[in-house]
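What follows draws every value from the coordinates through simple rules; no lab data is involved. Please read these numbers as outputs of a predicted model, since none were measured by experiment. Glycine also receives a Cβ, built like all others from the backbone with ideal geometry; neighbour counts cover every protein chain displayed.
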Amino acid sequence: MAESKPYRVHPLAWADIDAADAWYFERSPDTADAFVAEVSLAIETICEAPQRWPKYLYGTHRFLLYRFPFSIVYLDDPDTVSVIAVAHHKRKPGYWNKRV
């Protein structure tokens, strides 16, 4: 089996995660923990086989989270996976396009 690619997270994608985590934490700390855990697992899964998930907008790929209404939007660069956004499904698609 091939090794996982390293990844980097765009600073504004970190802001996406932080904002969602804060929103969930206000409602339930356990849910906030579950959200962060699912995002972490999703990024690890993406890095194992980045081409597995469908192409999306602006040359990116998209991985849908299972328990939360968010997608991990990323670029499969030659040497790394670049997480561009952790986007809520109700947000305007492609709001993150200047990050690409």
### Query
What number of residues in region 38-53 are of a type outside the set (Asp, Glu) and surrounded by 13 or more Cβ atoms within 10 Å (Cβ to Cβ)?
9
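Across region 75-100, which residue is nearest to Val39 (Cα to Cα) among those that are touching a residue at least 24 places away in the same chain (Cβ under 8 Å) and among the hydroxyl-bearing types (Ser, Thr, Tyr)?
Per the stated criteria, the residue is Ser82.
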### Task
Would you check which residues across region 54-83 are aromatic (Phe, Trp, Tyr) and surrounded by fewer than 19 Cβ atoms within 10 Å (Cβ to Cβ) and list them?
Tyr56, Tyr58, Tyr66, Phe68
### Message
So, Ala42, is that one touching a Leu at 6+ places or on another chain (Cβ under 8 Å), within 14 Å of Ile84 (Cα to Cα), in a helix (DSSP H, G or I) and free of Cβ contacts under 8 Å to residues at least 40 places away in the same chain or not?
### Response
yes
### Task
Quick one: Phe35 ticks every box in (1) surrounded by fewer than 16 Cβ atoms within 10 Å (Cβ to Cβ); (2) out of contact with any Ser or Thr (no Cβ under 7 Å at 6 or more places or on another chain) except a single one, so which number is it?
(1)
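I'd like the full set of residues that are aliphatic (A, V, I, L, M), farther than 10 Å from Val86 by Cβ and either touching a His at 6+ places or on another chain (Cβ under 6 Å) or in a helix (DSSP H, G or I) (or both), limited to region 1-24.
Residue satisfying the conditions is Ala22 alone.
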### Query
Taking region 45-97 only, how many residues are assigned to a loop (DSSP other than H, G, I, E, B) and either in contact with a Cys (Cβ under 8 Å, 6 or more places away or on another chain) or among the hydrophobic types (A, V, I, L, M, F, W, C) (or both)?
6
